[in-house]
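The values are calculated or read from the model by the stated rules, or taken from the named source; none is laboratory data. Remember, predicted model here, so these are calculated numbers, not experimental data. Glycine also receives a Cβ, built like all others from the backbone with ideal geometry; neighbour counts cover every protein chain displayed.
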Amino acid sequence: MQEVKKIQKNLHPPMVEGDHSFASVTDIISDRTLKKRTPYGWFIGFALAFMVAQSLLFTVVYLVITGIGIWGNNQPVGWAFDIINFVWWIGIGHAGTLISAILLLMNQKWRTSINRFAEAMTLFAVACAGLFPLLHTGRPWLAYWLFPYPNTMGMWPQFRSPLMWDVFAVSTYATVSLLFWYVGLIPDIATLRDRAKNKYFKTVYGLLSMGWRGSAKHWHRYEIAYLLLAGISTPLVLSVHSIVSFDFSVAQLPGWHATIFPPYFVAGAIFAGFAMVLILCIPLRHWYGMEDFITKTHLIFMGKVMLATGLIVVYGYAMEGFFGWYSANEFEVFMIYNRVWGGPYWWFYWLLILCNGLSIQLLWFKRFRESEFWLFFISIIVSIGMWLERFVIIVTSLHRDFLPSSWAMYSPTVFDWSMFIGTIGFFFTLLFLFVRFLPVISIFEVRTLLPDAQVNHGHHGAHGELNDRPNAFNESINDAQGAEEK
Amino acid sequence: MRRFNFLLYQDWDTPQYKLMRNPEVSVRSRGVMEKCTYCTQRIAIARIEAEKDQRNIKDGEIVTACQSVCPADAIVFGDLNDPNSQVSKLKKDHRNYALLNELNTQPRTTYLANLKNQNREMPDYVAPKTIESNREESKDSNQGEPSEPKH
């Protein structure tokens, strides 16, 4: 029987380690917010992130006052850092939605302890992403002109333009992500409300929890709402980045005009997103003592997802080259020549292959997938690689277009950099605030993973030992939540 | 060439510059695309005059600014929907070509190819290209360079 248990443990590794009860899970996660002293590291990290975010504030103010001429883009590279960073941030957000929606519908239990902060990451990444196209419009205070609304100017958006589709795709995505995150938070905010001693915390959590009392009716409605939102989010995981890829593939420019773009972009987005989830969750579990909830198993699974999506992206690179050759179109052939070895930006391409193609090959080996350090390191490399991918696609395609008379080089200005680095600071500022004031891990969902949550139907006998395995994966969430009702 | 007003390039404050500006034209400000309007103010004037007389705008009634200063009369502006207008006739000329037409860009401004002197005695004479020599050339050059547009 010992052997059977061992096999069981390998097949269905426990999602919560250590000896936990409902109460201990709630204590550990909510005390982080309510009782424990805020660690000094938090203050240092927050201060650093907040300082870096000031460069965003400065750049945006200066940009609104003077105009986007402070950036380096001009003909023929009319899109540069702004769209690169937009796609980069939007891509990072996708992992959060994938984890929360698709993995929920597929009944993947390992999503439970990482979905909360992955969704927060999505929201903050979308907030950073939205800034770039908004400011790129030139007169951001008139950005509402992008929406079709009745006006006396006789203006109507051009619905044939993929940039217009972007407006709808991204604003829908931001709204649904916010709703999904907030609806999932309500039961936990209510827990915090009940446990808070501080008057202000009580009031704020009380308002945010929207009168949640945890009655069976509440849970019933919550489950339906959550499932519906998951259903709405699921197509968004695929559609948003497909539409972002249309920004390029609908154009005729060699290097953009490829049918592989939508799946290639979606895979790249999930790839980059999982890299960012790993970058965030490794320090979190380490310094916040969440090793019991974000286990090695989670890290290994995320490593596997990264490897799989990374290989799809590498396939995309191969196909771009193949299309260039197979099309026998001289412009396409030139684009590949210019991108890979003949052009001035050739080394970006090889850095990209190094970061996205070669580095992830380490994840084939169990040793690297299980190592916190290596996963963190590879994730950082992949994040850089995904940024380089967008640079290669956008800048190296644009700077050698159809008219050799307009060929030019692109170089970013100091404001391009300060804005990009500033959004990273802004992103981490929001994350630090999130980690401080909200439960980073979904308390009530983690409780459903505990052995206590498994409803025992009284099948004893030969199967008795099998039933007490910590993760009875076929129990439905509903049953489990019924059991934890207080 | 400026395609977009990335910054505020206009000096609105110096009073002397006000005299310099065409009062009929609104100068595009910062954050706005920069593009030829085919002298929309002149089109508006002609349209109003024609409406007053209850007639259509006559061919050649609208003269764009660039057209009026061109010493070689190389620029023609008119109604493309009217098959008898001068611009429509020139568009039917086999010398007519558009920039990046092979990409289906469908620009309104098109060009007429350069005329070559056919007199062999002249110093600028270039032997006309045969189909054979054309093929040779496209093999030599890697890119199909479009012929220089002639203004």
Report summary line: Among the residues of the range A:139-163, the number that are touching a residue at least 24 places away in the same chain (Cβ under 8 Å), within 24 Å of A:SER249 (Cα to Cα) and within 14 Å of another protein chain (Cβ to nearest Cβ) is 1
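Just to be sure I understand, how many residues within the range A:30-71 are of a type in the set (Phe, Trp, Tyr) and within 14 Å of chain B (Cβ to nearest Cβ)?
Quick first cut of the range A:30-71, residues of a type in the set (Phe, Trp, Tyr) only: A:40, A:42-43, A:46, A:50, A:58, A:62, A:71.
Subset that is within 14 Å of chain B (Cβ to nearest Cβ): A:62, A:71.
Here the count works out to 2.
Please enumerate the residues belonging to the range A:397-409 that are within 14 Å of chain B (Cβ to nearest Cβ) and either farther than 24 Å from A:HIS257 by Cα or not in a helix (DSSP H, G or I) (or both).
Within the range A:397-409, A:ARG400, A:ASP401, A:PHE402, A:LEU403, A:TRP407, A:ALA408 qualify.
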Report summary line: So, first residue in the same structural domain as A:TRP110 (by TED's automatic domain parsing) in the range A:282-296, second residue exposed (fewer than 14 other Cβ atoms within 10 Å of the Cβ) and assigned to a helix (DSSP H, G or I), Cβ within less than 7 Å, six or more apart or across chains; the pairs are A:TRP287/A:GLY41
Report task. Tell me which residues, restricted to the range A:325-351, are closer than 30 Å to A:PHE274 by Cα and of a type outside the set (Phe, Trp, Tyr). Result -> A:ILE336, A:ARG339, A:VAL340, A:LEU351
Report summary line: Exactly one of B:ARG47, B:ARG55 is more than 14 Å from chain A (Cβ to nearest Cβ), more than 30 Å from A:ILE65 (Cβ to Cβ) and not in a helix (DSSP H, G or I), and that one is B:ARG55
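If you scan the range A:268-285, which residues turn out to be of a type in the set (A, V, I, L, M, F, W, C) and either over 23 Å from A:PHE168 (Cβ atoms) or in contact with a Lys or Arg (Cβ under 9 Å, 6 or more places away or on another chain) (or both)?
Start the filter on the range A:268-285 by keeping residues that are of a type in the set (A, V, I, L, M, F, W, C), which leaves A:269-272, A:274-282, A:284.
A:PHE271, A:PHE274, A:ALA275, A:MET276, A:VAL277, A:LEU278, A:ILE279, A:LEU280, A:CYS281, A:ILE282, A:LEU284 - these are the residues of the range A:268-285 that are of a type in the set (A, V, I, L, M, F, W, C) and either over 23 Å from A:PHE168 (Cβ atoms) or in contact with a Lys or Arg (Cβ under 9 Å, 6 or more places away or on another chain) (or both).
Of the residues A:ALA275, A:ALA308, only one is assigned by TED's automatic domain parsing to the domain that holds A:CYS355 and either farther than 27 Å from A:PHE43 by Cα or β-branched (Val, Ile, Thr) (or both); which? Spell out the reasoning first.
Working: A:ALA275 fails: either farther than 27 Å from A:PHE43 by Cα or β-branched (Val, Ile, Thr) (or both).
Being assigned by TED's automatic domain parsing to the domain that holds A:CYS355 and either farther than 27 Å from A:PHE43 by Cα or β-branched (Val, Ile, Thr) (or both) holds for just one of A:ALA275, A:ALA308, which is A:ALA308.
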Report task. Determine if the range A:243-252 includes at least one residue that is in contact (Cβ under 8 Å) with a residue 24 or more places away in the chain and among the acidic types (Asp, Glu). Result -> yes
Requested in this report: Kindly establish whether B:TYR17 is within 22 Å of B:ASN5 (Cβ to Cβ), among the hydroxyl-bearing types (Ser, Thr, Tyr) and in contact (Cβ under 8 Å) with a residue 24 or more places away in the chain.
Outcome: no
Query raised in the report: Restricting the search to the range B:99-149, which residues are within 13 Å of another protein chain (Cβ to nearest Cβ), in a loop (DSSP other than H, G, I, E, B) and at pLDDT 65 or above?
Result: B:LEU99, B:LEU100, B:ASN104, B:THR105, B:GLN106, B:PRO107
Query raised in the report: Which condition number in (1) closer than 17 Å to B:CYS39 by Cα; (2) under 12 Å from the mean Cα position of the chain (by Cα) is the one that B:ASP79 fails?
Result: (2)
Report summary line: Restricting the range B:1-25 to residues that are surrounded by 12 or more Cβ atoms within 10 Å (Cβ to Cβ) and not charged (D, E, K, R), the one farthest from the other protein chains (Cβ to nearest Cβ) turns out to be B:VAL25
Report task. Provide a single number: the residues in the range A:41-77 that are farther than 21 Å from A:SER411 by Cβ, more than 27 Å from the chain's Cα centre (by Cα) and free of Cβ contacts under 8 Å to residues at least 12 places away in the same chain. Result -> 2
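Across the range A:319-350, which residue is nearest to the other protein chains (Cβ to nearest Cβ) among those that are free of Cβ contacts under 8 Å to residues at least 40 places away in the same chain and surrounded by 17 or more Cβ atoms within 10 Å (Cβ to Cβ)?
Filtering first and then ranking leaves A:ILE336.
Take the residues in the range A:19-40 that are in contact (Cβ under 8 Å) with a residue 24 or more places away in the chain and closer than 15 Å to A:ARG436 by Cα, then tell me which one is surrounded by the most Cβ atoms within 10 Å (Cβ to Cβ).
Top of the filtered list is A:ILE29.
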Requested in this report: Among what's in the range A:101-128 and is of a type outside the set (S, T, N, Q) and free of Cβ contacts under 8 Å to residues at least 40 places away in the same chain, pick the residue that is surrounded by the fewest Cβ atoms within 10 Å (Cβ to Cβ).
Outcome: A:MET106
